[in-house]
Amino acid sequence: MQTESSSDLAKAYDPAEVEPRRYAAWEASGVFHEEPDPARPPFIISMPPPNITGRAHLGHASTYTPMDILTRYHRMLGENADWIPGQDHAAIATEAVVVRELAREGVTRESLGREKYLERVWQWRREYGGAINEQFRRLGFGPDWSRERFTMDEGLSAAVLKTFVRLYREGLIYRAKRLVNWDPQSQSTLSDAEVDSEERDGFLWHIRYASEDGAFFVEVATTRPETMLGDVAIAVHPTDERYRALLGKRVVLPLVGRKIVIIADEAVDPSFGTGAVKVTPAHDPTDNEIGQRHGLDMPTVIGFDARITDEAPPAYRGLDRFEARKRIVADLEAQGFLVRTQPHRLNAPISSRSGAVVEPLLSLQWFCKMEGLVKPALDAYRDGSIRFVPERFGRTYEQWLENMRDWNVSRQVWWGHQLPVWYTPSDEVIVAENEEEARSIARERFGGAEIRRDPDTLDTWFSSGLWPFSILGWPERTPELEHWYPNQVLVTGREIIFLWVARMAMLGLHFVGRVPFSTVFVSPLVFDLQGRKMSKSLGNVIDPMDLTAKYGADALRFAVMRQMRLESQELRFDERFCDEGKRFNTKMWNALRYIMSLPEGLPAALSLPPAESLSLADRWILTRLHQTIERVTEAFDRFAFGVAADTLLDFIWYTFCDWYIESSKEQTPSRAAVISFAFNNAVRLLHPICPFVTEEIWQTLPHDGATIVTASWPDPAEVPADYPAAERFEALMRVVTKARDLRSELGLAPKEKMTLDVPAGLDEEVRTLLARHVCAEIVETPAAPKTPNDERGAAELLAAVTVRAPAQVLRARYAREIERLNGEVTRLEKKLGNEQFIGKASPEVVRKEREKLAEYEAERARASERLKRLG
């Protein structure tokens, strides 16, 4: 049916007017919502929950647009498709934002107290936490907003606490003093994902450690001399012959006076520095492992406030770590321990939350034991239950799991899921899902109900690890969990395969008994055209909201998908693709305006006329449509979004708009039906990528249903393919292209007629099309004699067509060319006749000038011959 009037169709497509109107209609009608339906195959994507502090960036465009495309595509296939959205409470990031806001008011977190502070954070969440969702709407993302979840929703919070308690009772959660990433500014541990590696200019200080008897010394190199206050050993590689005789001997720690032993450990790189390294187990991950292997002491000389502790000599206590560095270097030099200082480029660990330099510190924290959880997740990858696209990221997943350490799950912030841990006055540990249960345990086991709760909260990744099943109602066996778990696809970035993908796999297998998703599509990272990461310091950040305002959401989505290639994980964003996307929308809109202007009007229903009534152009466009449906379907199925976008651009812009519409300028009985049928199918194919413009066009064309969002995916079986007719039409296209190239070369006006010498036997329909496309006079020439069994078709006859320009045009062109060549010949003859030039120039230069002269003379002869033939 045709539901919208075309009488007032806008002259130009305006995304600023169309996009908000169409999105509001979609959301109001509930087209993004689904209920579990066992009669249809499920297609479920759990949205990676963006931080409530987040704002949309181009990375969201490259990661979230594929999710929207896949959901729209599978919905059109008739599947039970739902994209479930949500947000992450982003404990450390949110805390940093709110603490800064409080500071502007002269208030601290501590002065408010935990309860009042959390009330303030929830208020901030209500007022500002949904900004990214509105930006997602502007980008055309269509998740099932009615199912939106938040990692601190009541149901999800209950699932988190239940998970922690079960893991603890299974012996997989424990408390221990271990080395962690410590952010001195936010005063919390950080996950590896929250630590950025930033290249900085620094120094490598070479320090001399003398033996206790003064008989020898060992030179070590360090980028962090302040940590030497906590050195407990010097380590060398076991095979390093330079130090073999020194193993077991002792040296004196400069500035401290403590005697430390020389040990051998394979973790040492003998090619770095001098091959001997200082070992500070409390302040370096590698040193910590060496310390554990050798049973070394672990003095902490830098505290949680990033100041030197009382375990260091009095001269340095209380100093900021960087101030201590300066003083230590000065003292080393003054006392003759500093051998040399050399510039060194190093990777500094930076907190992505506060920007502070992260300090590795020993801290009493809660950990999750990985050993029992890793094997099922590894097996799921190795037996094909989880696959990665591109495939190489499966090996990344495998390597991380093979080398996974126990997970530090506690954080020293107030915003988040507070640990379900209580302590008795004598510090016995009680783990329970709620305080009532904890008091009951305290009475039964310890003879009293007095308890205090651990103030720490859980790592945000802990709740995120439950996401694919907690948002479906787990631990309750809901219809959603029964039918929609596991999800079919996870779309994510490579940087969180370990931090999120692996943890979801482990926890899903452990608690639900099945993998959380069968396919992981890893989207590419977005860089600028020079291949640099986008950052404020470089000034190369591009706001997708600015691009949406300038070009429209469809144009941005189309641009990102066209630049996405499976074989590359680096998307170098070029804004020119947005401009092309905008022009593509204009092209389609102009095509719609032409179609709506057809004098015969469009049919009331979407159907094709009988095959015998189809023109050659009709049969060609339907054949190409049939192929395009197959190619785009195959591309979406294998996540080749760039291939799908390019295929659609080629078909709609060039095949349909340029060639077919031009070929349909003469009315035929089939024209209106075929042109509307082909365009309807084309915009349905494009809809997952460009939802707004396709809805606007589809509503104007004959169609079935209320919205293109729930329309059926085009079926190639319903589009007849006539390959001989298509070959015939494309032979015609080659003639037209040859003629247009000649017209362009000669500078002929569009309406200036050319001549086509056409062999006898070419049918009238083809002749008419040739005349229209070329603006040419058709001159029939005798066909070549047929040989026995010769079944020459139109394609072979078209190959024999000759294109000629008007004789007067050619005469003028050749005359101008001869005049130009005469000038070149005269110039070179004069130059080569100059004795001074011949005498001064090298033989090679003279030879090249003579070759030029010969070429110009030959060109002049050919042009003169052509002019002579024209008469």
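Of all DSSP beta bridges located in the chain, what percent are antiparallel, nearest 5?
Working: 57 of 87 bridges.
Antiparallel bridges make up about 65 percent of those DSSP assigns within the chain.
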Bins of 10 Å, starting at 0 and running to the largest distance - Cα pair percent for the range 497-542: 22, 30, 20, 20, 7
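Could you sort out which of 587/753; 831/852; 177/369; 326/536; 587/751; 11/582 sit more than 19 Å apart by Cα distance in this structure?
On the way: 587/753 27 Å; 831/852 12 Å; 177/369 14 Å; 326/536 30 Å; 587/751 23 Å; 11/582 15 Å.
Long pairs (Cα-Cα over 19 Å): 587/753; 326/536; 587/751.
Using R₀ = 35 Å, calculate the FRET efficiency as 1/(1 + (r/R₀)^6) where r is the Cβ-Cβ separation of residue 8 and residue 193; round to 0.05. Display every interim value, and only then the final one.
Numbers: r = 52 Å, r/R0 = 1.50.
The value I calculate is 0.10.
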Evaluated over the range 210-364, the Cα radius of gyration and Dmax, each in Å: 15.3, 49
Selection from 206, 168, 155 lying farthest towards where the dipole of the range 113-217 points positive, charges on Cβ: 155
Return the carbon/sulfur percentage of the accessible area of the range 318-415, one whole number, probe 1.4 Å, all protein chains in place. 48
Size of electric dipole in the range 468-591: Cβ of Lys, Arg +1 and of Asp, Glu -1, about Cα centre, debye, nearest 20: 220
Let me know the shape class of the range 655-779, please: from the alpha-carbon gyration tensor, a ≥ b ≥ c as square roots of the eigenvalues, rounded when a/c is under 1.5, otherwise prolate if a/b is greater than b/c, or oblate. prolate
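If I compute solvent accessible area with a 1.4 Å probe over the protein chains, what percent of it on the range 1-75 is carbon and sulfur?
On the way: 1740 of 3090 Å².
Reported share for carbon and sulfur atoms: 56 percent.
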Which percent of the accessible area of the range 245-295 is formed by carbon and sulfur heavy atoms (probe 1.4 angstrom)? 50
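If you take the Cα Rg of the range 740-871 and divide it by 2.2 N^0.38 Å, with N the number of residues, what do you get? Write out the running numbers ahead of the final one.
Values: Rg = 22.2 Å, N = 132, 2.2 N^0.38 = 14.1 Å.
For the range 740-871, the normalised Cα radius of gyration is 1.58.
Using only alpha-carbon positions, what ratio does the radius of gyration of the range 358-504 give when scaled by 2.2 N^0.38 Å?
Details: Rg = 18.7 Å, N = 147, 2.2 N^0.38 = 14.7 Å.
Compared with the compact-globule rule of thumb, the range 358-504 sits at 1.28.
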Please work out how much length the chain gains when fully extended from residue 261 to residue 369, using 0.36 nm per residue of separation minus the C-alpha to C-alpha distance, in nm with one decimal. 35.6 nm
Bin by bin, in steps of 10 Å, what percent of the Cα pairs in the range 72-207 do you find, going until the bin that has the longest distance? 8, 23, 31, 23, 11, 3, 0, 0
How big is the range 346-406 along each principal axis, measuring the range of its Cα positions in Å and listing the largest first? 42, 28, 20
Nearest-0.05 FRET efficiency for residue 241 and residue 820, computed from C-beta distance (R0 60 Å): 0.15
Whose amide H sits under 5 Å from the amide H of residue 389, counting only residues 5 or more places off or on another chain, with H placed in the peptide plane? 520, 521, 522
Put a dot 7 Å past each Cα toward the Cβ at residue 39 and residue 543; how far apart are the dots in nm? 4.8
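Which of rounded, prolate or oblate describes the range 130-225 when judged by the alpha-carbon gyration tensor and an a/c cut-off of 1.5? It would help to have the intermediate numbers written out before the result.
Values: a/c = 5.21, a/b = 1.93, b/c = 2.70.
Oblate, because a/c is 1.5 or more while a/b does not exceed b/c.
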Give the residue from 303, 65, 578 lying farthest towards the positive end of the charge dipole for the chain; charges sit on Cβ (+1 for Lys and Arg, -1 for Asp and Glu) and the dipole is referred to the Cα centre. 578
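Taking only C-alpha pairs under 8 Å that are 6+ residues apart, what is the relative contact order of the chain in percent?
Values: 1454 pairs, mean separation 115.5, N = 871.
Relative contact order comes out at 13 percent.
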The answer for residue 188, listing residues at least 5 apart or on another chain whose modeled amide H is closer than 5 Å to its amide H, is 183
Treating every alpha carbon of the chain as one equal point scatterer without solvent, the Debye formula yields log10 I(q)/I(0) values at q = 0.07 Å⁻¹ of -0.77
In what sequence, highest mean first, do 801-814, 647-660 appear when ranked by Cβ atoms within 10 angstrom? 647-660, 801-814
Work out the charge dipole of the chain with +1 on the Cβ of Lys and Arg and -1 on the Cβ of Asp and Glu about the Cα centre, then indicate which of 374, 644, 446 is farthest towards its positive end. 644
Using the alpha-carbon centroid of each, what span in Å lies between the range 207-245 and the range 657-712? 76
Could you do me a favour and compute the accessible area per residue for the chain, 1.4 Å probe, result in Å²? 44
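Return the tail of the calculated pair distribution for the range 34-102, meaning the percent of Cα-Cα pairs more than 13 Å apart.
Numbers: 1637 of 2346 pairs.
Roughly 70 percent, once rounded to a whole number.
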Which residues qualify? For residue 408, with a placed amide H closer than 5 Å and at least 5 residues away or on another chain, they are 368
Which lysines does residue 249 reach when only Cα atoms under 26 Å apart count, and residues fewer than 8 places away in its own chain are ignored? 259, 278
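What is the range 1-128 by shape, rounded, prolate or oblate, if you read a ≥ b ≥ c off the alpha carbon gyration tensor as root eigenvalues and call it rounded for a/c under 1.5, prolate for a/b larger than b/c, and oblate otherwise? Show your work: numbers first, answer last.
Working: a/c = 2.93, a/b = 1.83, b/c = 1.60.
Since a/c reaches 1.5 and a/b is larger than b/c, the shape of the range 1-128 is classed as prolate.
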Simple label model, 7 Å out from Cα along Cβ direction - residue 395 to residue 654, nm: 3.6
Can you list the HN-Hα couplings for the range 216-223, worked out from phi with the Karplus curve (6.51, -1.76, 1.60; θ = phi - 60°), rounded to whole Hz and with x for Gly and Pro? 7, 9, 10, 9, 10, 10, 9, 9
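The values are calculated or read from the model by the stated rules, or taken from the named source; none is laboratory data. Bear in mind the structure is a predicted one, so any value in this text is a computation, not a measurement. Heads up, the Cβs are rebuilt from the backbone with ideal geometry, glycines too, and the neighbour counts pull from every protein chain shown. Protein only, heavy atoms only, side chains kept; ligands, DNA and RNA dropped before computing areas. Shrake-Rupley method; radii C 1.70, N 1.55, O 1.52, S 1.80 Å.
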